[in-house]
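Okay, structure first, notes after.
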């Protein structure tokens, strides 16, 4: 008769211990070892260590006064598990700023902000109304109106939504009709384009790609059906980037390793085209691109034999004229 209460207690203790996994990290050494193990960086330094950096003295006082911690803890997605913000570097000229998200059941996801294309990056937690946000600083180079290279200091406030940290904004009520995405460079030997209509997607590839989670020579056309969760994530990200206010092109000096393009048809035929190349675009746009790449890598794609089908959405609806699923 006492088995059920004991079982409930064991389940509670298990969940409690999982929830405390990041909370139990107390020292810099413990945090550093955990961050290295999760991220895969073989030699990671915390910002509690001395980081020589010749660029910082040349930046504005606002940048120099932007103080951010070596690490901080918060529950960014509200799932009851504590997440970890880590600021550090792997070598003096390359900073690392990432959030380790505890998704529960011993599963973690890492969101890495800084890359080798940013000169400087830092993040800190901002609590507003009991909700944790991220304040971020990014320093990179860009071209001015005369074509000269200039240093850009960018400050943002980010919130965790749709599986990513994106700009804090009031979402628009967009009705997505069609999304076209094209990757204009080679990654792992493959180039591809994708068209999304409703819950259907068409992928056209050249070269070796991930097909059904297995690398193979997959030149051709493939189709898939999106889950409601995946579809809502993509439409949610689009609704948060405020399409009419977006630039037509984002390009940064020395950070462009290949150009990607978006074409979004929404709200009864309104059209927005965006090209992106580098680190200057909004975080929401980067999150949208990552979501599309995730489809490319993780969806179960079915090859289409013969000629590539017409895959254009109806001008007034989100239905697809010749989707293989209709």
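The values are calculated or read from the model by the stated rules, or taken from the named source; none is laboratory data. All of these numbers come straight from a predicted model, not from anything done at the bench. Positions of Cβ are generated from backbone atoms using ideal geometry, with glycine treated the same way; all protein chains shown enter the neighbour counts.
A few comments on the model shown:
- Here residue 110 meets each of (1) modelled with pLDDT of 80 or more; (2) surrounded by fewer than 17 Cβ atoms within 10 Å (Cβ to Cβ); (3) in a loop (DSSP other than H, G, I, E, B) with one exception, condition (3).
- Counting residues in segment 266-273 that are at pLDDT 90 or above and buried (at least 20 other Cβ atoms within 10 Å of the Cβ) gives one or more.
- Test: residue in segment 161-173 that is surrounded by fewer than 19 Cβ atoms within 10 Å (Cβ to Cβ) and part of a strand (DSSP E or B): yes
- Residue among 187, 226 that is under 20 Å from residue 163 (Cβ atoms) and either modelled with pLDDT under 85 or buried (at least 16 other Cβ atoms within 10 Å of the Cβ) (or both): 226
- Hits in segment 256-295 (condition: in a helix (DSSP H, G or I) and farther than 30 Å from residue 119 by Cα): 295
- Residue list for segment 79-92, restricted to those being touching a residue at least 40 places away in the same chain (Cβ under 8 Å) and part of a loop (DSSP other than H, G, I, E, B): 80, 81, 82, 92
Table: residues versus (1) surrounded by fewer than 17 Cβ atoms within 10 Å (Cβ to Cβ); (2) under 18 Å from the mean Cα position of the chain (by Cα); (3) at pLDDT 80 or above.
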residue: 198; (1), (2), (3): no, no, yes
residue: 206; (1), (2), (3): yes, no, no
residue: 213; (1), (2), (3): yes, no, no
residue: 241; (1), (2), (3): no, yes, yes
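- When 95, 99, 63 are checked against the criterion of being closer than 30 Å to residue 141 by Cα, assigned by TED's automatic domain parsing to the domain that holds residue 136 and at pLDDT 85 or above, a single residue qualifies: 99.
- Residue match in segment 3-21 (condition: under 26 Å from residue 157 (Cα atoms) and either at pLDDT 90 or above or not in a helix (DSSP H, G or I) (or both)): no
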